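The values are calculated or read from the model by the stated rules, or taken from the named source; none is laboratory data. The structure presented is a predicted model; accordingly, all values stated were derived computationally and were not measured. Note: ideal-geometry Cβ built from the backbone for every residue, glycine included; neighbour counts use all protein chains shown. With ligands, DNA and RNA removed, areas are computed over all heavy atoms of the protein, side chains included. Shrake-Rupley method; radii C 1.70, N 1.55, O 1.52, S 1.80 Å.
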Amino acid sequence: METGGELRSAKALSIEQGQTKGSENHKYGLTSAHTTDHDSWQQVGLLLVTSFNCGWILSFSNLMLVPLGWTWGIICLFVVGLYSAYANWLLAAFHFIDGQRFIRYRDLMGYLFGREMYYITWVSQYLTLLLGNMGFILLGGKALKEINSEFSDSPLRLQYFIIVTGAAYFIFALVIPTLSAMRSWLGVSTILTFTYITILMLVLVHDGKSNKSRDYEIPGSKVSKVFNAFGAISAIIVCNTSGLLLEIQSTLRKPAVKNMRKALYLQYTVGLIFYYGVSIAGYWAYGSTVSVYLPEELSGPKWAKVVINSGVILQSIVSQHMFVAPIHEMLDTRFLRLNESINSKENIKRRFLLRALLFTFNTFVTAAFPFMGDFVNLLGSFTLIPITFIFPSMIFIKVKGKTARLEKKVWHLSNIFLFSLLTVATTSSAVRIIIENIREYNFFANT
C-alpha cells in the first residue's frame, strides 16, 4: 500500500513527461535529458564564482548603494549576503528527503506540499530565470553599444546589439547543451572575469581619486526614498542568489549535500569579495550620480573601456548559461528523444528549435523593454525572495517540525512571516518603478 508521501509524490511529479512510464526514476522526477552526478565541487564552485561576477555587477553600484547610502548600504550588503548564504546552505540539506533525491526545486515542493506548490514553485522559478536571461541580453547589448560608441560618434541603436547578443547566447546554448558541458569553458570564463574586473577596479580607483565633486546624498522625496530602498534590497538579493540551487546540486558527485556546501563556501567568500568590491568601488568613485551601467562613467583610457566591455560580453555568453540551464533541461527532457544521445542528429534538430524559440522570445521582449533596473528589482522581489528565503523555512517545518526544538520552529516561522512582508514591500516598489519608467521611456527605446 502506498503511503501518504508516496501519493503526494506521484501526484506532484507525474507532471514530468518524456520518461519511461512506471519507472522509479519517472515517479520521483529523477530522469533528465541532462547530466547528473558528474561534476566536482570545485567545478561547481568556480561556476558559481564566475557566473555571479557577470555583467550584472556593473549595475549594482547604482541599484544597491545609491538608494541606501553608505551606512544602510553596507549593513544591507552584509546582512543579505549572510542570510543568502544561510538559506542556500539550509536548502542544500533537503536534496535528499526520506531516502529520495530531488533534482528540481518544483519536485521537492510538490512532494511535500502538493500539486499547487509544484506549479507555484515552477512559475516563480521560471519567471526568475526568464527575467534574468533578459537582463543578461540587455547587459550584453549595453556592452556592445559602449564598444561601438568608442569608435563612432553616432553609434547604432541599442536594439541591434541586443539582437547580436541574443544570437550569441543562442549559439552557445546550442553547442553547450548542459551545465556539466560548461566545464571546458570555465577556465576561459575565469580569465575573462578577473581580467575585466582588475582593469575596471584600476580605473575606478583612478577616477575616485580625481573626482573631488562627488557626493553621497540619497536622491528623491521621502516617499521615493522608501520605495527605492526596498528596490535596492531586491537588487542585493539578486546579487547573492539564483533560485536554482537544487538544479545545480543535481550535477554534483556524491556526497551531493557536502559538495554543494563546499561550492557555496567558495561563492560566498571569493565570489562575494569581487562582486561586492566592484559595487562599493563604483559608488565610492562616482557617488550618487553613478550610472546604472558602470562602464559609461569611466574616464578612460579608450583601450580600457573596450577591453572591459569586450570582457563583459564574452564572459556573459558563458555565465548566462547557468541561469537559463533549468529551462533548457525542462524542454530537453520533455521534447528530446531520451533513448538517444543528446547530440544525435534528431536531438540536435529539436534542440535547435527549442533554443531558437526561447532566445527569439527573450530577445524580442528585451529589445521592447530595455529598462535594466526594472529587471533586477522585479527579479529580486516577486519571485526570488520566496524561493530563497520563505520556501526553505517551509520545508524545514514540514520535514523536521515534529522533532525540532521550539526555538528553531519559531525561527523559521518568523522567517516566513518577515520575508512574506518583504516580498509585498519590494514587489510594490518594483511595480512603482516599472510604471514610472514606462511613462518616461518608449517601447524599443534607445537607452
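Tabulated data for the structure shown
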item: Answer from S180, S189 - the residue that is touching a His at 6+ places or on another chain (Cβ under 6 Å) and either modelled with pLDDT of 90 or more or under 30 Å from W122 (Cα atoms) (or both); result: S180
item: Residue under evaluation P67, criteria (1) without any contact (Cβ under 8 Å) to a residue 12 or more places away in the chain; (2) not in a helix (DSSP H, G or I), criterion not met; result: (1)
item: Subset tally (residues that are surrounded by fewer than 19 Cβ atoms within 10 Å (Cβ to Cβ) and over 20 Å from F391 (Cβ atoms)) for region 420-437; result: 7
item: Some residue of region 119-142 being open to solvent by 10 Å² or more (accessible area, probe 1.4 Å), closer than 24 Å to V307 by Cβ, modelled with pLDDT under 95 and not β-branched (V, I, T); result: yes
item: Sole exception among (1) of a type outside the set (K, R); (2) without any contact (Cβ under 8 Å) to a residue 60 or more places away in the chain; (3) not in a helix (DSSP H, G or I) for I416, by number; result: (3)
item: Residue tally, condition open to solvent by less than 10 Å² (accessible area, probe 1.4 Å), aromatic (F, W, Y) and within 16 Å of L384 (Cα to Cα), over region 78-117; result: 1
item: Pairs with Cβ under 9 Å, 6+ apart, first in region 307-322 and on the phi > 0 side of the Ramachandran plot and crowded, with 24+ Cβ neighbours inside 10 Å, second at pLDDT below 95 and among the aromatic types (F, W, Y); result: none
item: Identity of the residue in region 247-301, in contact with a Gly (Cβ under 8 Å, 6 or more places away or on another chain) and among the charged types (D, E, K, R), that ends up nearest to T31 (Cα to Cα); result: K262
item: Qualifying positions in region 269-290 - farther than 14 Å from P219 by Cβ, among the hydroxyl-bearing types (S, T, Y) and surrounded by fewer than 16 Cβ atoms within 10 Å (Cβ to Cβ); result: T269
item: Residue within region 360-368 that is of a type in the set (F, W, Y) and in contact (Cβ under 8 Å) with a residue 24 or more places away in the chain present; result: no
item: Qualifying residue in region 56-77 (condition: open to solvent by 30 Å² or more (accessible area, probe 1.4 Å), within 18 Å of N240 (Cβ to Cβ) and out of contact with any helix residue (DSSP H, G or I) (no Cβ under 9 Å at 6 or more places or on another chain)); result: yes
item: Pairs where the first residue, in region 324-344, is on the phi > 0 side of the Ramachandran plot and the second is among the hydrophobic types (A, V, I, L, M, F, W, C) and modelled with pLDDT of 95 or more, C-beta under 8 Å, 6+ apart; result: none
